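The values are calculated or read from the model by the stated rules, or taken from the named source; none is laboratory data. All values derive from a computational prediction rather than experimental measurement. With ideal geometry, Cβ positions are generated from the backbone for all residues, glycine too; neighbour counts draw on all protein chains shown. Ligands, DNA and RNA are stripped out before the accessible areas are found, and what is left, the full protein with its side chains, is counted by its heavy atoms. Shrake-Rupley method; radii C 1.70, N 1.55, O 1.52, S 1.80 Å.
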Amino acid sequence: MAPATYIPVEADEEHSSTREQPTPETTHSDDHDADDGLEDLEAKEGYELKELDPDARPPQRGVVGGSLDKEAGDDDDDDDDDHEGGGAPNGHARRRRASVQSYELYTPDEERRVRRKLDTRLVLFVALLYLMSFLDRSNIGNARLAGLTDDLHLSDDQYQWLLTAFYISYILFEWMTICYQLFPPHIYISCCVFAWGVLAALQAVTTNFAGILVLRALLGIGEAAFVGIPFYLSFFFRQDELAFRIGLFISAAPLATSFASSLAWLIVRFGDHTGIASWRLLLLVEGFPACLIAVWAWRWIPDAPQTALWLTSRERRVATLRMRKESDGDGGVLSEHHVSQSRVPRHKRKFNWREALRTLKDPKAYLTAGMFFCCNVAFSSMPVFLPTIVHSMGYSTLASQSLSAPPFLFAFVAVLITVFLSDRLRSRSGPMIFHACLAMAGYILLAVAGTLRFGHLVRYLAVFPICAGFFSAVTIVITWTVNNQPSDEGKGTGMAILNVIGQMGLLLGTRLYPDAEGPYYVKGMSVCAVAMAMVGVLAFTLRMVLRAENARRKSGWREAEEEEGEALVGSRSKSESFMYLT
């Protein structure tokens, strides 16, 4: 047997202990033991394990070998050629079962560098887009206080219809999430951003109820097309990395709300000196910049890791390889089919309708959709009506605009801490239940405060845990939905189910705070408290379902290994080998 080649690599900080230099002579049993460690390393860290030519000269220390830019499939071709080329009878088996010393890994430092670039150049950019999206949908509440209803002579019922029209079209077009797999994302996303920017800005020139109602409905279509971004991020991040990145994305919503309140305060304060109505200036200033950002998005947004212009050639290679286990169903071994598929852009691959139908029949998809429905009852109502609620506490219009910002800034920080811990603990149900209970307690306090006529300070402080609770719960349930599906088609369909059913909670949430029930809105607070309690119940139920499913799959694998051996186990499809995060 040819001596094994040892390549020193820099270890991750978690595995920074020095590795002993292996002896050149390794027995057959040692190869099996080392291969077990190799598979554990690959499964845990997701590093590329590339076979080296045993006759090739070992690369220098600190240099990752010269065949880095080869396509992943080249390794498999080399294996086949070696086996067919008259080598030892068991040569192919030996190469497949080689020890860790005869493999080449991309280093943890490389992976961290790529992940950092994806965070700063992609995640923060789509978070900026979502900030602008949420700004344009929720600034109607600030515009109302700035004189919208007075200038257009809108009744309370007509104002409610402005909110409802947006969410009706928003819900009806949630199925467009699957378009991220059907069209090039950079074109699709930039067109969505440009569309809602134009529509949001046009609201500033409307002169009657019918005109602004139509624009609000069209705005709902433009923003519905954008909500599949968590699915899009799963093209670039692994299962246990996704919550933090979706958290960065979703946390733009409370940041947008606090920013909208601060900007509204400035516009209301200085807008009268411009000769333009404050609410018109508000809608124009917050809507039009999206048109400019859309041009930037066309160039900046990548369709996949291998097309990111802001990554080097090597970084694109690492970014693609690190996602291998997320996109392949063969346990990390790149078959010829998967290699050829990985080179084809997602929007050019054949859509697997069987996976989509499987997701439509999956009860887990409807449990997360139920949680999202309950979350949205609170998620939709509080950002729109918080300025009105604060104003009803006795504060002036200017003070109401400014006091609406701190609860959402607190929620922004809470979301980031929550998703960081969720990924570290590899748990979705725990943070979900905690924040559902936190928001429920806040709503109960507001309902009791309205009944017993508590002071303004107590009611205002109760808003902080509410905002932190439902924003964090929304982030976790979206991440959980993507985590629960093994295929791209399943993720896209799961997100469509989540949004079509879940966004119906918006229709209820936007009607919980009519003027007639002010200033305490006891009924609205009570309904939201019940909704958040249901989120906790459904999260616990899904946790039990997923634990039972994982246990059943593990048991089935052990039985298959005992009866049929590794050949059958290795032939499992991705949906069969998938493990759920609970």
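Relative protection proxy for 485-495, 190-200, from highest mean packing down: 485-495, 190-200 (other beta-carbon atoms within 10 angstrom). Among the protein heavy atoms of the range 438-495, carbon and sulfur supply 78% of the accessible surface, probe 1.4 Å, non-protein parts ignored. Need one value: the accessible area of ASP240 in square angstrom, 1.4 angstrom probe, rounded to the nearest 10. ASP240 exposes around 60 Å² with every protein chain in place. Projected label points at PHE454 and MET393, each 7 Å from Cα along the beta carbon direction, are separated by 1.1 nanometres.
What's the FRET efficiency of ARG354 with THR312 using the Cβ-Cβ distance as r and R₀ = 35 Å, to the nearest 0.05? It comes out at approximately 0.40.
Taking 7 Å steps out from each Cα toward its Cβ at ARG511 and THR107 produces label points 6.1 nm apart. Highest average first, the peptides 207-219, 278-290 ordered by how many other beta carbon atoms sit within 10 Å of their residues are 278-290, 207-219.
Backbone geometry of the range 438-448 corresponds, through the Karplus equation with coefficients 6.51, -1.76 and 1.60 at θ = phi - 60°, to 3J(HN,Hα) couplings of 5, 5, 4, 4, x, 5, 4, 4, 5, 5, 5 Hz, x marking Gly and Pro. Over 26 Å apart at the Cα level, from the set LYS117/LYS491; LYS361/LYS554; LYS117/LYS361; LYS350/LYS491; LYS117/LYS554, are LYS117/LYS361; LYS117/LYS554. Rounded, prolate or oblate: which fits the range 459-529 when a ≥ b ≥ c are the square roots of the eigenvalues of the alpha-carbon gyration tensor, with rounded for a/c under 1.5 and prolate only if a/b beats b/c? Cα axes put the range 459-529 in the oblate bin.
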